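The values are calculated or read from the model by the stated rules, or taken from the named source; none is laboratory data. What you see is a predicted model, and the numbers here were worked out from it, not measured in a lab. Note that we place each Cβ from the backbone using ideal geometry, even for glycine, and neighbour counts take in every protein chain shown. Only protein heavy atoms, including side chains, enter the accessible area calculation; ligands, DNA and RNA are left aside. Shrake-Rupley method; radii C 1.70, N 1.55, O 1.52, S 1.80 Å.
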Amino acid sequence: KSKKIIWELDLWPDTLRDINLVKSKYIFQLIEKIIIKTYSHYDAIFVASSSFKKIISKRFNKEIRYFPNWANDEIENSMISDIDLKLPKDLFKIMYTGNIGSVQNFDQLLNTMDSLKDEKIHWIFVGDGRYKSVFQKSINDRNLNKNSSFISRVNISEIASYANHADCMYLSLKNSEIFKKTVPAKLQTYLALGKPILAVISGEGAAIIKDANCGFVNENNDFDDFTRLVLKMSKLSEKEINKMGENSIRYYNTNFSSSKRK
């Protein structure tokens, strides 16, 4: 007789439709019925994004509560160790960590990287994913190798040590209705790392970055404007960069820290 709760971090089948894995209206409605049936076995649904409430309320008529994600314990309690990444010196370093997939806009990021290839900017991509080989080939084809470094997936306990080499972190999601309502867990991780954030994201994720005053964000999937924002951040003083990083960790501790769940 325990209370049964489901914690929704993604919305199905809506996410499947927006990443083009489900194109048939019939299949969408079939999966939706399965989701509604699944929900009926629960007493409450917790949602990682407050924007999910409106959609879920059409499928579930009991308690729906906002319960945001937080960074992994290994991120919150991480110790910085000395890792030599053999990166170029005296360059502004932008790091991405996690899955290198099709929904993170790497195809459009190439244009930004190309436009800034003569600037003192270096991109670091930590992780793997099904789009990685395509992305690496495109970088080779555009002769952007000297502007970027790739590091295979690392243990989450080491992420802070790798991020310690970065001046800021990159975050992006494709501009779709469901992603506007999604707060990617990567955002909480970046905030917990105490790093400035450069993002191409809209909706609730963008609102968090602006509210935290911890970086620059383009909300319209406009990579020409994003290129301008990257260049702008790369020209900031060390003091200004550090201030944004301090804003990140402060906002994380106030709004997302696991200690708030106890």
**Complete:** The one condition Asp90 fails out of (1) out of contact with any helix residue (DSSP H, G or I) (no Cβ under 9 Å at 6 or more places or on another chain); (2) acidic (Asp, Glu); (3) surrounded by 13 or more Cβ atoms within 10 Å (Cβ to Cβ) is (3)
**Request:** From Phe28, Phe60, Phe52, grab the single residue that is in contact with a helix residue (DSSP H, G or I) (Cβ under 8 Å, 6 or more places away or on another chain), buried (at least 17 other Cβ atoms within 10 Å of the Cβ) and not small (Gly, Ala, Ser).
**Result:** Phe60
**Message:** For a quick check of your reading of the model, give me the residue pairs whose first member lies in segment 63-80 and is on the phi < 0 side of the Ramachandran plot and open to solvent by less than 60 Å² (accessible area, probe 1.4 Å), whose second is of a type in the set (Val, Ile, Thr) and part of a loop (DSSP other than H, G, I, E, B), with beta-carbon atoms closer than 9 Å and at least 6 apart or on different chains.
**Reply:** Pro68/Val183; Asn69/Val183
**Message:** Among the numbered criteria (1) assigned to a helix (DSSP H, G or I); (2) under 13 Å from the mean Cα position of the chain (by Cα), which one does Ala199 miss?
**Reply:** (1)
**Item:** Residue, modelled with the highest pLDDT, within segment 152-163, restricted to residues that are open to solvent by 60 Å² or more (accessible area, probe 1.4 Å) and closer than 28 Å to Asn221 by Cα
**Value:** Ser152
**Message:** When you scan segment 27-41, do you find a residue that is assigned to a loop (DSSP other than H, G, I, E, B) and over 28 Å from the mean Cα position of the chain (by Cα), even just one?
**Reply:** yes
**Request:** Read through the list (1) assigned to a loop (DSSP other than H, G, I, E, B); (2) touching a residue at least 60 places away in the same chain (Cβ under 8 Å); (3) closer than 17 Å to Asp211 by Cα, then give the number of the only condition that Thr189 fails.
**Result:** (1)
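Residues are listed down the side, and each one gets a yes or a no for (1) of a type outside the set (A, V, I, L, M, F, W, C); (2) closer than 25 Å to Asp225 by Cβ; (3) open to solvent by 80 Å² or more (accessible area, probe 1.4 Å):
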{"residue": "Thr112", "(1), (2), (3)": "yes, yes, no"}
{"residue": "Asp118", "(1), (2), (3)": "yes, yes, yes"}
{"residue": "Trp123", "(1), (2), (3)": "no, yes, no"}
{"residue": "Arg130", "(1), (2), (3)": "yes, no, yes"}
{"residue": "Phe150", "(1), (2), (3)": "no, no, no"}
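Could you list, in sequence order, the residues of segment 208-220 that are open to solvent by less than 50 Å² (accessible area, probe 1.4 Å) and more than 17 Å from Lys232 (Cβ to Cβ)?
Scanning segment 208-220 gives Ile208, Ala212.
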